[in-house]
Amino acid sequence: MNHFEYVDGALHCEGVPLERIAAEVGTPAYVYSSATFERHLDVFREAFAPEPALPGPVLVAFAVKANANLAVLATLAKKGAGADTVSMGEIKRALKAGIPPNRIIFSGIGKTEEELAFALEIGLHQINVESRAELDLLEALATRANRRAAIAIRVNPDVGAGGHDKISTGKSDSKFGVGAADALALYLRAAKHPNLDAKGFAVHIGSQIRNLDPLRAAFLVLRKLTEDARAQGASVERVDLGGGLGVPYFHEPDPPSPADYAAMAKDVFRGLSVSLAIEPGRLIAGNAGVLLTRVIRIQERPNRRIIVLDAGMNDLIRPAIYDAFHELRPVRQPSRETEREAFDLVGPICETGDTFARGRVLAPLAPGDFAAFMTAGAYGAVMSSTYNARPLPAEVLVRGDKFHLVRRRFTVEDQMALETIPS
Ligand code: LLP
């Protein structure tokens, strides 16, 4: 569901015209709709509503990597969301936003000793162990600290999926998880360790997935592992299905709905008596945010016209690294009669890769006009950088007819304050 609509010709986020935000906060700025975040969480909850053969509730652990803003996390925390985290930084953010440790999952292949010790000390819902070496370390740390850690083994199901090679994680040649045979062996070993509480298996095969078949194939691997582990006397209480469900970016057929996804998952796990966790990131945050930008100038070239925006690849890097499509909507709605034309959309960074689109057909924009890149709430602000000594974009959260600056712009003075010139 989308809370970014035109009202009287002005693009709004909920009850706030984006022009007002641009005037008060400046551009580029990410603008988020609280109602959309809350709605998307509810959509998953409703889709996964418990039923007798599949007792709930499901843990919806929002993938913090998609949008780590504290106000966003707090919005989700208040509605009961958990967090999927991949670093001590993300765990600290989740805790600060009010997500309790027993709703936090810790994933990732590069967890350091310091991070694992921290996770042990807090006592998380689950640590998703991704290798034998990680299990060795965790056993040693848990024994030394005299703590007991809830763990799952992340399986690599050898299934290809995802909107782009760079965001596909479930093939056997990827760096994530352990193959099914090793996963079973590691699980049985963990189940016997006095300082580990072996809870189940986890999987995550990729992102922006637009077809349920690879997900089903991966979930069947989890089901089989659960049955095999139980057959060998180990208890398995949980399975963690990861994230990955795609969102509509408005230029290709819509991906399956959360309802279809949940129906498929329930179908796979029905009767198995396990509780489910899911780790959606993009689906919760993607369409909850836009990147608001201003046209700096139009460059005329012999055979093309280029719109130079004040947002660059440092603010929204997805088109540069994944060839991702983000629709650009003018903040002032053009009249129906306005003839659309083809433009290249670029940022100010000194790289050809700083191109959001080539030959994009839209109603002409003029210098000073505001426009919004849609579906930018996931993997937008979190992937921004200060390349070219540019400020990090501001972030704004809207609720109803009010908005709050939830991250002020990180200026060049802020950046320089961290640096010193040795005498
Ligand atoms: N769980 C784990 C273990 C993950 O690695 C990820 C994403 C998720 C959950 C959430 O996946 P989602 O529901 O958002 O698809 N920067 C890329 C996306 C990278 C995703 C990495 N892992 C992009 O902008 O498309």
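Worth pointing out:
- Between 210, 223, 270, the distinction of being in the same structural domain as residue 46 (by TED's automatic domain parsing) and at pLDDT 95 or above belongs to 223 only.
- Against the criterion of being among the β-branched types (Val, Ile, Thr), away from the ligand (no atom under 11 Å from the Cβ) and either in contact with an Asp or Glu (Cβ under 7 Å, 6 or more places away or on another chain) or open to solvent by less than 10 Å² (accessible area, probe 1.4 Å) (or both), residue 306 qualifies.
- Subset of the stretch 323-345 that is outside any loop (DSSP other than H, G, I, E, B) and open to solvent by 40 Å² or more (accessible area, probe 1.4 Å) - its residue that is nearest to the ligand (Cβ to nearest atom): 329
- Taking the stretch 393-423 as the range and being closer than 16 Å to residue 292 by Cα and open to solvent by 100 Å² or more (accessible area, probe 1.4 Å) as the test, the residues that pass are 404, 408.
- Picking from residues in the stretch 133-185 that are of a type in the set (S, T, N, Q) and not in a loop (DSSP other than H, G, I, E, B), the one that is least open to solvent (accessible area, probe 1.4 Å) is 168.
- Single match in 367, 348 (criterion: open to solvent by 60 Å² or more (accessible area, probe 1.4 Å), in contact with a strand residue (DSSP E or B) (Cβ under 9 Å, 6 or more places away or on another chain) and modelled with pLDDT of 95 or more): 367
- Condition check for residue 45: at pLDDT below 95, under 17 Å from residue 240 (Cα atoms) and basic (Lys, Arg): yes
- Restricting the stretch 113-133 to residues that are touching a residue at least 24 places away in the same chain (Cβ under 8 Å) and out of contact with any helix residue (DSSP H, G or I) (no Cβ under 8 Å at 6 or more places or on another chain), the residue that is farthest from residue 177 (Cα to Cα) is 126.
- The residues listed here are 235, 207, 172; of these, the one that is within 16 Å of the ligand (Cβ to nearest atom) and hydroxyl-bearing (Ser, Thr, Tyr) is 207.
The values are calculated or read from the model by the stated rules, or taken from the named source; none is laboratory data. What you are looking at is a predicted structure, and each value in this text was computed from that prediction instead of being measured. Every residue, glycine among them, receives a Cβ derived from its backbone with ideal geometry; neighbour counts consider all protein chains shown. Calculation scope for accessible area: heavy atoms of the full protein, side chains included, ligands and nucleic acids excluded. Shrake-Rupley method; radii C 1.70, N 1.55, O 1.52, S 1.80 Å.
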